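Structure record follows, encoded as C-alpha cells.
The values are calculated or read from the model by the stated rules, or taken from the named source; none is laboratory data. Computed from a prediction, not measured in an experiment: that's the story for all the values here. All Cβ positions, even for glycine, are placed from backbone atoms using ideal geometry, and neighbour counts span all protein chains on display. Surface accessibility is based on the protein's heavy atoms, side chains included, excluding ligands, DNA and RNA. Shrake-Rupley method; radii C 1.70, N 1.55, O 1.52, S 1.80 Å.
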Amino acid sequence: MSISVPERIWWKPVDKSEKIWVGLALTWCIVMFIMMPLWHLKGGQNAPSETYRVTPAQFQKATQEFIDKYKVGEEKGTAIVAPPAGSDIYLNSMMWRWDPILKLEKGKTYRLHLSSMDLQHGFSLYPQNMNFQVLPGYDYVLTITPTTAGEFYVQCNEFCGIGHHMMVGKIIVS
Amino acid sequence: MTNAGSEFRTCPTTGLKVHLPAENLIKANAVAAVVFLLVGTVMALLVAFTRWPAVHLLSAEGYYRALTAHGLNMLIFWIIFFEIAVLYFASAILLNSRLAAPKVGWLSFLMMLVGSLMVDLMILQGKADVMMTSYVPMKADPLYYLGVILFAVGALIGVGVFFATLVVAKREKTYEGSLPLVVFGAVAAGIIAVVAIAHGAIIYIPTFLWSLGIIGPIDPAMYRVVWWGLGHTSQQINVTAQIAIWYLLATLTVGASPLNEKVCRSAFVLYILFINLASAHHLLVDPGVSPSWKIWNTSYAMYLAVLASMIHGFTVPASIEVAQRKKGYTKGLFEWLKKAPWGNPGFSALALSIAIFGFIGGITGVTFGTEQINIISHNTLRIPGHFHATVAAGTTLAFMGVTYYVLPLIFRRQVVVPSLAKLQPYFFGIGILLVSIGMTFAGSYGISRRHWDIAFTGAPFQLAIDPTALLMLSVMGIGAILAFTGALMYILITVFTVLIGKRPA
Ligand code: HEM
Ligand SMILES: [Cu+2]
Ligand SMILES: [Cu+2]
C-alpha cells in the first residue's frame, strides 16, 4: 500500500510490462532529445539567434533614420516604409503602437529588428500566427523572407497595459 | 518534548495515530485553500465571460484585474495552501508522528495568509494590474511584491516544518524501514519547493527594492529567466504533489498497491533531478538567451522529467487494474475499469485527473517545448489551454478527490449531500476539459492570451477573426459554466460538511 511502510527490501526486479513501457518511453524521449538540435539545423523556421543590447534611445534613433530614408506614405498617422530588398529593417514597439508600417517584397530577405521603448511587448504576426517576445533593451533580429503577398497584421500579445488590445501594426507584402 | 497521550487521537477508520496540533494546522490550511478557490472561481467566470465574444462582460480594466486575481488565487493561493496541508498530512499523520513545531507551523500559516490578503487587496484596489508574472519594467505597488514575498517565505517555513517532522518521526521511531511511497512523493515535492522558492527570493526581493526606488532597473531578460525558475519549478511541485495524491487515492479508493516501489520512487527522483532547467521552454522565442542554451535546457532535462510522468502515468492505472482484478473483475480487457467505483467522487476525480492531465496536458506541454511549435503557440490561448489541463484539471481534481477523504478522516464529518458530491468531479472535469480544448483550438488560430478584445476596438486595424476561432471561444465559455458549477459544488459541499456535516458514529 502506498500509505504504509513498504517491505524491508523493496528494490525488486521490475515486471516485464513495466520494463517494456519504460523502454518505449525512454526511446521516445531520446528521439525527442535528438530532434531538438537536429531540427534547429535542418528545419526552415527557427527562433532567431541574433540579439544585441540596445538602449531605447538608440533604437528610436535607428528607427527614425530608417523611416526618414524610405518613407513612401502614411496610413492612420503611421509612416509606410518601403525598404530595399536585403536591408536592415526596423519595427519599433511602444504603448500602444507598432512603428512604422512595413512594405516588403515577396521572396526577398530582410533583417527585421525588434525592440521596445517601454514595457515588454509581443510580436504576433496575424494570420500567420508567428510569435516572438519583444523586450526593452534588446535588439532582436529576425531574418525573414515573406512567401505570400498580402496584408498582414502585428498584434501585441504580451500584456502591456490598458490599451494592449489597440496595439496593432501592419506589414504589406507585394 | 511533548507528552504524547493527550495530544493524539486514534483514527477509528484507519487506525492511524493523529496528532491533534497537526490536525488543526491541516484544517486551517485546507480551509484557507478553499476560500481562495472561491475567489479564484468567481474571477474565472468573469474572465471567461469576457473572453467569450458573445458576452464580453467586463471592461478592459476589469478584465485585466480579474485575470491577475484569477491567476494568483488559483495557481498560488488555492494550490499552495492545499499543498502545505498535504505535506503536514503526509508527514505527521501517515507516519504516526507528532508535527515537529506546531507554533512554527502557525507562523507559516499566518505569513501566508497575510501575504495573500495583501496581494488580493492590492489587486482589487487596482494597484497591481500586472498579471501574475509581473514582467518588469511593468510596476506594481511595493506592497504587492511584499505580499508575494511574505507568502513565499511562509510557505518555505511550512516546508521546513514538514522536513523537521520527518526527522522527528525517524528519531522517535514512529515507523520502521523506508518511507511510504506517498510520503516519498511528498518529500520530492518538498525538495522541489525549496528550489522554486529560492528562485522566487532571487527575483522578488530585488523587484521589491526596485519598486521602492532603492535600486535601479531590473533587466527584463534576466527577470524572465529567474522568474520562470520559480514559475516552472512550482508547476513541478504541483505535478509531484498531485502524483503522490494519485497513489494515495488509488489506495484509498480501490486498495491499490504500487506495482514496483523501485520504479515509482526512481520516477520521483527524476523529477527532483531534472526539473528546474526545463524552465527554458518559457523562453524559446525570447531575445537575450542563445539557441544552444534554449535547446540544451529544454531537451535534456525536460524529456527526463517527461519520462517520469510517463512512468507514473503507467504505474498508477496499472496498480488500479491489478487491485481490481484481484477483486475478481477479470472478464476481458476492461471489466476492471467498467466495475471501478465511478460513483465515488474520490475515484472519479482520480480517473479524470489522470486522463486530462496525461492526454491533454502532457501532450500539449511537450509539443510547446519544441522550438518550432513554440513559435506558433507562444502567448496564444494555446498556453492557458495547456495548463488548464495540467494544473487546473489534473492537480485541482486530485486535490478535490482527496478532500472527500480528508473531510471524514480529519474534519470528522460525513460529507453532506453525497448525491451531489458524486456528480461534482464530472461537472468540474468535463467543464475544464472544454475550457482547455476551446482555448487550445482558438489559440491555434492566433487568438492571444491576456487580451481583452478580439474586436480590437480603438485599434488602427481590425483583424478578421476566423469563425472557427469564435466557435472555439464559445466552447471555452460553455466549459467555463460547467467548471464554475463544479467548483462551486465542491466549495459548497466542503463548507457545509465542515459546518453542519454529521459526526461519524
Ligand atoms: C473554474 C474553472 C476555471 C475557468 C472557467 C478558468 C478560465 C480561465 C480563463 C478564461 C483564463 C484567461 C485566459 C486569457 O484570457 O488569457 C484563465 C487564465 C488562467 N487560469 Fe483559469 N480557469 C479555471 C480554473 C483555474 C484553476 C483551477 C487554475 C489553477 C489551479 C487556473 C489557473 C489559471 C492561470 C494561472 C491563468 C493565467 C493567468 C494569466 O494569464 O496571468 N484556472 N482561466
Ligand atoms: Cu504591447
Ligand atoms: Cu514550465
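For the stretch B:268-352, applying the loop criterion from DSSP together with a ceiling of 15 other beta carbons within 10 Å to the chymotrypsin sites (Phe, Trp or Tyr not before Pro) yields B:Phe334, B:Trp342. When peptides A:5-12, B:48-55 are sorted by average Cβ neighbour count within 10 Å, with the highest value leading, the order is B:48-55, A:5-12. Our coupling estimate for the stretch A:77-94, obtained by passing each phi through the Karplus curve with A = 6.51, B = -1.76, C = 1.60 and θ = phi - 60°, is x, 10, 5, 9, 10, 10, x, x, 4, x, 8, 7, 10, 10, 10, 9, 10, 7 Hz, Gly and Pro reported as x. Mind jotting down the distance between the C-alpha centroids of the stretch B:428-504 and the stretch B:248-276, whole Å? Here the two parts' Cα centres lie 32 Å apart. Summary value for the stretch B:47-149: 30 percent relative contact order, contacts being C-alpha pairs under 8 angstrom separated by 6+ residues.
Taking the Cα centre of the stretch B:9-177 as reference, the dipole from Cβ charges on Lys and Arg (+1) and Asp and Glu (-1) amounts to some 460 debye. Amide H to amide H distances under 5 Å link B:Val18 with B:Arg9, B:Thr10, B:Cys11, where only residues 5 or more positions off or on other chains count and H is placed in the peptide plane.
Here B:Lys326 is the anchor, and the lysines within straight C-alpha reach of less than 24 Å, apart from those fewer than 8 places off in the same chain, are A:Lys12, A:Lys16, A:Lys19, B:Lys262, B:Lys338, B:Lys339.
I want to check the label-to-label distance for B:Leu212 and B:Leu110. Put each point 7 Å from Cα in the C-beta direction and report it in nm to one decimal. That separation, rounded to one decimal, is 2.2 nm. A Förster distance of 51 Å, applied to the separation of the beta-carbon atoms of B:Phe334 and B:Ala455, puts the FRET efficiency at 0.60.
When chain B is described by a simple charge dipole with +1 on each Lys and Arg Cβ and -1 on each Asp and Glu Cβ, the residue from B:Asn238, B:Tyr175, B:Cys264 located farthest towards its positive end is B:Tyr175. State the Cα centre-to-centre distance between the stretch B:112-134 and the stretch B:172-222 in whole Å. Between the Cα centres of the stretch B:112-134 and the stretch B:172-222 lies a distance of 20 Å. Who wins for biggest fluctuation among A:His113, A:His121, A:His164 in a Gaussian network model of chain A, springs between alpha carbons below 10 Å? Residue with maximal mean-square fluctuation among A:His113, A:His121, A:His164: A:His164. Length gained on full extension, B:Arg325 to B:Ile500, computed as 0.36 nm times the residue gap minus the Cα-Cα distance: 59.2 nm. Express in whole angstrom the spacing between the alpha-carbon centres of the stretch B:297-327 and the stretch A:1-48. What the calculation gives is 10 Å, centre to centre. Assuming charge only on the beta carbon of Lys and Arg (+1) and of Asp and Glu (-1), the dipole of the stretch B:362-486 about its Cα centre is about 520 debye to the nearest 20.
Length gained on full extension, B:Ile202 to B:Trp342, computed as 0.36 nm times the residue gap minus the Cα-Cα distance: 45.9 nm.
Solvent exposure of the stretch A:49-173, expressed per residue, is 38 Å² of accessible area, with all protein chains present and a 1.4 angstrom probe.
With contacts taken as Cα pairs under 8 Å and at least 6 residues apart, the stretch B:1-91 reaches a relative contact order of 34 percent.
Per residue of B:287-296, other chain Cβ atoms within 10 Å of the residue Cβ number 6 on average. Here the sum of -39500 (n - 2.57) over DSSP H runs of 4 or more residues, divided by the residues of chain B, equals -22000 deg cm²/dmol at 222 nm, to the nearest 500. Placing a label point 7 Å from the Cα of B:Val31 along the Cα-to-Cβ direction, the residues of the stretch B:86-129 with a backbone N closer than 19 Å are B:86-89, B:102-118.
Comparing A:Lys61, A:Lys42, A:Lys71 in a Gaussian network model of chain A where C-alpha atoms under 10 Å apart are linked, the largest mean-square fluctuation is found at A:Lys42.
Please return the longest stretch of chain B lacking exposed loop sites, where GluC sites (Glu not before Pro) count only if DSSP places them in a loop and at most 16 other Cβ atoms lie within 10 Å. It runs B:177-505. Between B:Thr14 and B:Ile478, the C-beta separation translates, for a Förster distance of 41 Å, into a calculated FRET efficiency of about 0.50.
Looking at the stretch B:472-505, none of the chymotrypsin sites (Phe, Trp or Tyr not before Pro) sits in a DSSP loop with at most 10 other Cβ atoms within 10 Å of its own Cβ.
About its Cα centre, the dipole of the protein assembly as shown is roughly 2000 debye, where the only charges are +1 on Lys and Arg Cβ and -1 on Asp and Glu Cβ.
Here the gap between A:Lys108 and A:Ser49, fully extended at 0.36 nm per residue and compared with their Cα-Cα distance, gives a gain of 19.3 nm.
With a 10 Å cut-off around each Cβ of A:135-147, the average count of Cβ atoms from other chains is 3. For B:Asp219, the solvent-accessible surface with a 1.4 Å probe is about 40 Å², rounded to the nearest 10. Amide H contacts for A:Tyr138 (H built 1.01 Å from N in the peptide plane; partners 5 or more residues away or on another chain; cut-off under 5 Å): A:Val54, A:Ser116. Once the C-beta distance of A:Ile20 and A:Thr145 is scaled by a Förster radius of 60 Å, the resulting FRET efficiency is 0.85 to the nearest 0.05. For A:Ser87, nonlocal amide neighbours, meaning residues 5 or more places apart or on other chains whose placed amide H falls under 5 Å from its own, are A:Arg111.
Within 10 Å of the Cβ of each residue in B:363-371, the mean number of Cβ atoms contributed by other protein chains is 2.
In this simple spin-label model, placing a label point 7 Å from the Cα along the Cα-to-Cβ direction at both A:Lys69 and A:Leu38 gives a separation of 4.2 nm.
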